[in-house]
Structures are given as C-alpha cells and as structure tokens.
1. Taking the stated definitions as given, is residue 100 modelled with pLDDT under 90 and closer than 20 Å to residue 249 by Cα?
2. Please state which one of 159, 119, 172 is assigned to a loop (DSSP other than H, G, I, E, B) and either buried (at least 16 other Cβ atoms within 10 Å of the Cβ) or at pLDDT 90 or above (or both).
3. Check the stretch 248-259 and report whether any residue there is farther than 25 Å from residue 59 by Cα, at pLDDT below 90 and crowded, with 17+ Cβ neighbours inside 10 Å.
4. On the given criteria, is residue 285 modelled with pLDDT of 90 or more, surrounded by 14 or more Cβ atoms within 10 Å (Cβ to Cβ), more than 23 Å from residue 163 (Cβ to Cβ) and over 15 Å from the mean Cα position of the chain (by Cα)?
5. Is at least one residue of the stretch 213-222 under 21 Å from the mean Cα position of the chain (by Cα), surrounded by 16 or more Cβ atoms within 10 Å (Cβ to Cβ) and at pLDDT below 95?
C-alpha cells in the first residue's frame with residue numbers, strides 16, 4: 001500500500017482545502033431536503049493494446065424514478081412517483097496508460113459530453129462539457145484488490161450567467177473544478193466469474209464561486225471555504241460472461257450538498273438555496289472488452 005501513499009495525500013487536500021473570501025448579505029435563504037431514486041443504464045466498449053494504452057467509450061443514461069422535496073421554509077412536502085423519466089446522459093471517451101513495469105499505477109485523461117433534460121430547445125441551456133485527469137493506484141493481495149483513485153475534473157457551462165454588479169461576481173463560474181477521491185475493495189472469486197466490490201468516494205470543490213462558498217457560523221473572520229459536494233458509497237458485483245463480455249449490477253447511496261445562487265439582475269438581489277439530496281441508485285451496465 002505504500003506504493004499508492006503519494007496519491008493518498010491528495011485525499012487530505014480534498015478535506016482541508018480552503019480559500020479566503022468576503023461575507024455576502026443574501027437577500028433570502030431557502031433550505032431544501034430532497035429524497036430521490038434513480039436508475040442508471042450504461043454500455044461501454046474498451047480496447048487495450050500491449051504497449052499499455054487503453055481506450056474506453058461509454059454511454060450512460062440516467063432515469064429519475066422517485067422524487068421527494070421538502071421545503072423547510074414552507075413546511076410542505078411534495079412527492080412525485082415519476083416512473084422512468086429521462087434525467088441526463090453522459091457520453092465519455094477515456095484514454096488510459098499503464099507502464100508494464102508499474103502495473104500498480106495507471107493514468108488516464110478523458111472528455112464527457114453531458115446532456116440534461118430541460119424544457120428548452122436552446123442547446124447552451126442543457127449541454128455541459130467535462131474534462132478530467134486521473135491517477136489510479138492498486139494493490140493485490142491473494143484474491144483481494146485495493147484501489148485508490150484521485151481525479152481532477154472541470155465542468156464548463158454553456159448557458160447565460162447573471163452578474164452581481166456590486167461585487168463583480170457572477171452567480172456561478174463558467175468552469176467549475178472538483179477533486180474526487182475514491183477508494184475501492186474487491187474480491188476476485190476463483191471458482192466463479194464474479195467480482196463483488198465495495199467503494200466510497202468524496203467530491204470536493206476547488207474553485208467554488210465566492211458567492212457560493214460556505215461560511216462558518218459564529219466566526220468573526222467569516223472565512224469562506226470550499227466544501228464537499230458529494231459523499232458516495234456503492235456495492236456491487238461484476239459478472240464476467242466470457243473473455244470479452246461482462247455485466248455489472250450495483251447499488252449506490254449518495255449524499256449531495258448544493259449551494260445554488262440566483263442573482264436577480266434588475267434588483268441586484270442574491271438568493272441562496274441550500275439543498276441536501278439523499279439518493280438511492282440502481283445501476284446496470286454492460287462492457288465489451290477488445291484485447292490484443
């Protein structure tokens with residue numbers, strides 16, 4: 001495990017990351033708690049070459065099944081059993097490299113086209129662009145494998161952003177940066193083509209807009225901070241059908257924290273909505289591996 005300890009230092013940064021900022025007078029603050037369930041269906045193609053290079057193309061479709069929103073300010077709860085309703089799609093292309101002499105370490109870069117279901121025909125309103133870079137460290141002990149991944153990603157918005165002229169800040173960044181830290185444990189069964197696994201992941205903001213940053217209560221310095229957006233845990237099993245084909249079934253529990261800023265251009269007021277989402281996700285994926 002010492003081989004991946006350098007990568008693990010980034011996990012400490014993920015939690016301790018903080019930057020100075022100013023205090024803002026929000027015109028209104030609204031708290032929302034949301035409970036939801038989602039179905040994710042994915043298909044992917046992977047190609048590996050003997051020189052250590054790998055290519056992966058994946059299509060991920062996400063469907064909302066249940067939505068429950070509680071507005072604390074109004075003390076009202078709305079529950080919607082939507083059935084399969086398209087939410088988002090992720091089309092991802094990833095290029096990876098693993099040196100033969102360093103089998104415990106792998107790096108990759110990738111791009112994702114993200115499309116969100118919105119009631120508009122304006123492309124810039126529902127399209128996002130993502131790019132990422134990752135380092136994967138792994139260690140194998142008998143039938144057990146342990147993995148640690150550190151990923152830096154950026155998501156670029158295409159829609160219009162309103163500006164708060166008094167401070168000069170927009171309600172969100174054109175490009176947001178995040179750090180994802182993931183640790184995974186898997187068991188490789190000998191007699192059966194099954195690999196059960198368990199993992200946990202944190203996502204931390206790296207450049208949260210000053211209007212969105214978290215401020216410590218009862219702190220005279222009122223220092224702005226980056227914050228953790230996601231805490232994810234998952235359990236699942238990979239079923240290898242043959243040398244090239246495999247299926248994956250998983251369950252994921254996800255806690256998400258959002259600080260959404262809405263600037264009213266005419267009145268120049270700042271509205272903050274803090275939303276906490278507890279989500280249950282069922283995932284089904286198919287993978288085809290093309291090996292030299």
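The values are calculated or read from the model by the stated rules, or taken from the named source; none is laboratory data. Keep in mind it's a predicted model, so treat the numbers as computed, not measured. Backbone-built Cβ (ideal geometry, glycine too); neighbour counts: all protein chains shown.
1. no
2. Answer to the check: 172.
3. Yes, the conditions are met somewhere in the stretch 248-259.
4. Yes; evaluated as a whole, the condition is true for this residue.
5. yes
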